[in-house]
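Please read the structure below before turning to the comments.
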Amino acid sequence: NHASKIHDQRTTMKGSYEYLTGGPGEWRQFQERNEALDALGAQARARSGRDCRLVDIYSDGTRMQGTLWLPPGAEQAAPGSLPALLLCHGWGGIRSGLDAGFARTFARAGMVVLTFDYRGWGGSDGLIAAFSAPGANRRQQELGRAADRSHGSGATVEGLAGHIVRQVVDMDWQLTDIEAALDFLDGEPVVDSSRLALWGVSQGGGH
């Protein structure tokens, strides 16, 4: 049925970027691209000054980093008077690309704009997967292997083993992250909840 097909697709697409793209050479190119985007995003944020600020958003208890962009005159806007737009980046991307290329343009058009990094990507924290080392269940073992493939870190404390899982593409996690970002944006005092929209590039558009 339709639901099982969606589940199968999500399961197939789940994994680290390096594992799914198939090699360290492509992984290095991916890392270099994101480093360049991060620099461009930082420049765009610095040029905007008070028109944008860094924010923390929590999804399933994991901190995600975002950038909130405000339109001209937002400080004088009445509560609930401005439209808002959530920008979602694509497969293996980071929000800095959106900050550099799109966010400021939308904000200048009169919208409150939020960009964010999915958990485990860019400036966001990774998911902490802790388990008992001798008896980890199947899902915990999968998370550990994903962390190893995706350059996550591992540690053992008082008999507990664990990983900080980063750079893993998981459809369910990302959809939950989008919902958390929407809730955050909807909570901004000047935002009109009836005029809140989603916009994405690549896989972000698919979400």
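The values are calculated or read from the model by the stated rules, or taken from the named source; none is laboratory data. Because the structure is predicted, anything quoted here is derived from the model rather than measured. Cβ sites come from the backbone with ideal geometry, for glycine too, and all protein chains shown count toward neighbours. Please note that ligands, DNA and RNA were not included when accessible areas were found on the heavy atoms of the full protein model with its side chains. Shrake-Rupley method; radii C 1.70, N 1.55, O 1.52, S 1.80 Å.
General observations
- Only a single item in (1) assigned to a loop (DSSP other than H, G, I, E, B); (2) touching a strand residue (DSSP E or B) at 6+ places or on another chain (Cβ under 9 Å) is not met by LEU87, and it is number (1).
- Condition check for LEU198: surrounded by fewer than 16 Cβ atoms within 10 Å (Cβ to Cβ) and under 13 Å from the mean Cα position of the chain (by Cα): no
- Pairs linking a residue in segment 75-101 that is on the phi > 0 side of the Ramachandran plot to a residue that is outside any strand (DSSP E or B) and modelled with pLDDT of 85 or more, with Cβ atoms under 8 Å and 6 or more positions apart or on different chains, are GLY80/PRO189; GLY80/VAL190; GLY92/TRP121.
- Of the residues examined, LEU54 is one that is at pLDDT 85 or above and open to solvent by 50 Å² or more (accessible area, probe 1.4 Å).
- One residue from TRP69, TRP27 being open to solvent by less than 20 Å² (accessible area, probe 1.4 Å), among the aromatic types (Phe, Trp, Tyr) and at pLDDT 80 or above: TRP69
- Residue match in segment 99-108 (condition: under 21 Å from MET171 (Cβ atoms), aliphatic (A, V, I, L, M) and either in contact with a Pro (Cβ under 7 Å, 6 or more places away or on another chain) or open to solvent by less than 10 Å² (accessible area, probe 1.4 Å) (or both)): no
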